[in-house]
1. Between residue A:366 and residue A:532, what length in nm is gained on full extension when 0.36 nm per residue of separation is reduced by their alpha carbon distance?
2. When A:399, A:147, B:316 are ordered from fewest to most other Cβ atoms inside 10 Å of their Cβ, what list results?
3. Put a dot 7 Å past each Cα toward the Cβ at residue B:244 and residue A:555; how far apart are the dots in nm?
4. Is the stretch B:37-96 rounded, prolate or oblate when judged by the Cα gyration tensor, a ≥ b ≥ c being the square roots of its eigenvalues, rounded requiring a/c under 1.5 and prolate requiring a/b larger than b/c?
5. Rank the residues A:133, B:232 as a footprinting-exposure proxy: fewest other Cβ atoms within 10 Å of their Cβ go first.
6. With the cut-off at 1.5 for a/c, could you classify the stretch A:67-190 from its C-alpha gyration tensor as rounded, prolate or oblate?
7. Could you tell me the center-to-center distance, by alpha carbons, between the stretch A:480-556 and the stretch A:67-142 in angstrom?
8. Can you give the calculated 222 nm mean residue ellipticity of the protein assembly as shown, where each DSSP H run of n ≥ 4 adds -39,500 (n - 2.57) and the sum is split over every residue, rounded to the nearest 500 deg cm²/dmol?
């Protein structure tokens, strides 16, 4: 509860503002506008800042919310409270339809795509007869509770800010959860997250809908605030402005949305009312100054003002260390322990004319450490990608526990008990080590977005974090648990990846160059850990270039060269194999 | 529908499409080299068109003064950046680029505005003015942000769009303007009338596409630009000045934008804010081309132009709706065929 104190204090201040004696009514109107804009920006924070999906089309979702309630309450006399769920539903449904089309687009397609349908919808609003064309809909009834009609800005203020505060709370809860970690991995680490069972497209659609529903809520409030709607506030310009608000405040932070809304609304107001007096000019002076200020701000603080402010706060929120006594039940395993865990049978991968993996066959038995070695470009990492479903094999079979994997996606492979690390570290740099590792336990939790928002996931979440903390302790990074993953050395980041893979509770661990970047002592510790895991019943398949490390550790070694297996055997046999020596040192050596 | 209308609509669509193609090409160019999604492209269009119309009507355009002002700011940025190592040649280059160039153009246009010069002179001056604005804008706004994410660049781009649009209203007023045609000759083929202006549009578009193709395929600078587009850091390591690549990209984009404006201002009345919508249609073409492919963008732009022409004939009310939702099926196709999504590296 302690971490919620700032929110409570903020809520009290917000509630007290209208009662300040001598408060100009106009300021209340500004605060109403800030709240309306903050709701949309908050959705954008989740969508753009956290999820990395830039949308220019949020204004259209505001329009869906506003027009739904406008038409129903003004023309059909439906109570505004009944239209609230309908407004949210319409925005949400529109998001599902548009989201299915757009969220799979990468990078720059997405913002441009949203810009295009945002414009299309704006023109649609302004042309449809039942939406009143350019005139819009007027005569929308005010919100009312019993006999209290929220006619003036001072009363609807409470409805707007209650919505802002509740949404902020729900959004923060969502981000701090199992689903939240999946969302936060979308921007910087979704390939790794998918290897641990996260369905990225689903997470993207979720944030898209979430942001649209928040925009719809803002639209519903807006309609009952102004009590007349027309297409203008739902156009491209408005969509762009919402994005501004989020970026100015700090697109990665929930409160950044609120701060940004406050800055932009107040700034526009000040510019509009004072600039003409100051310069006696005509035309859109305020847009000129607004544009220039925006560019200046971006150059000085590209991540927005909220992180800039919080970095200057004298106190830092204390991180909570999870209670490691809570046990997370082990992953379900099939009965019996067969000897062969993994069977790679004539696996082949071609990229155009290049054969990266050429009909390679080998197996991994229970309680065995197998090393996959070979010069650079031998196809080791590609073999890993074939086993874990990141790449589909061109031909050949890979089976786990006797069952063919086929073209199963990474999310299904990890369910079989195979977890991996990556040659190029794939952690989310702006998440803590603990949170990164907890992504590994994704499949062992079950709470969804809704239960996270309402904090019904705490028992589940405590178990996941406890497991993550245990694995971090196990690999020896207990002291770094609350640091940002991006702040660790590369060697330590590799170890974090191992902890994350261990969170799956795997039967087979795939490690891609785990010892690269480690110091001598760290390598020894890693070797001891892997032996320990083998003793505990786990098998390990590793790619590694440090021959001393491999020869010391592995039970069996498979050697690849130019995609083809050239040798397999015990370390002693491999050391003296002439083919291997030739591959590593050249023919004349 | 009879053949005359069909042909007429096709012709109209292709003329507009050619303009969208030019803009689309410029957008692709700028995005590929600098990762900036150039929203102010529309302003380059209006600035070019209205500067040309003003000069032709014997009025001194405010844009020429703007070019000098932001040139001075850009020069100040350069001086500040070079404060530790003041090399005379470098300063001279910055001075020539950001101060001497716009000042000379300003003086020339002051002189030309009095003389009522032929359309060709106004055209060249307008192009120079807008090119100078584009060049200095890159220095002031985007060069300091070159290392940031696409999103930050995009927002900055929107900021520039707002400022330029506001300035456009200040310079040119709220009334629309038309400019004189470049070529007055016309020919009739069957029921179709080919105006000299239309021919100029086609000719210049084709010339530009071929020119860009040659530039990127054969010249060292073109190759440097492509290298920067593929890998910024790698390009720097082999000695390509990425700043120079950005400057060239902005120079080309602003020139192309201004040229498109000058080509259409004799055909349609342009207002200070018309450019935005025209630019967006160039965007549609650029997106269809995947922001990568020049020929695909050009073809897509022609399609956009034709769809626009036909929808304005059959459902003029829903013209914009149709044009902008044209993108949805394209996006759908692209998303079905999309390769594995790469992760953002910033």
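Values quoted throughout were computed directly from the atomic coordinates according to the rules given, and no laboratory measurement underlies them. Nothing here was measured: the structure is a model prediction, and the numbers come from that model. Using ideal geometry, Cβ is built from the backbone for each residue, glycine included, and neighbour counts are taken over all protein chains shown.
1. On the way: separation 166, 0.36 × 166 = 59.76 nm, distance 1.41 nm.
Length gained, residue A:366 through residue A:532: 58.4 nm.
2. On the way: A:399 17, A:147 5, B:316 9.
In order of increasing Cβ crowding within 10 Å: A:147, B:316, A:399.
3. The answer from the label model is 6.1 nm.
4. Values: a/c = 3.77, a/b = 2.12, b/c = 1.78.
Note, shape of the stretch B:37-96 comes out prolate.
5. Details: A:133 14, B:232 19.
Ordered from fewest to most neighbouring Cβ atoms within 10 Å, A:133, B:232 come out as A:133, B:232.
6. On the way: a/c = 2.75, a/b = 1.33, b/c = 2.07.
Oblate is the answer for the stretch A:67-190, as a/c is 1.5 or above yet b/c matches or exceeds a/b.
7. 52
8. Details: 38 runs with 559 residues, N = 935.
It comes out at -19500 deg cm²/dmol, rounded to the nearest 500.
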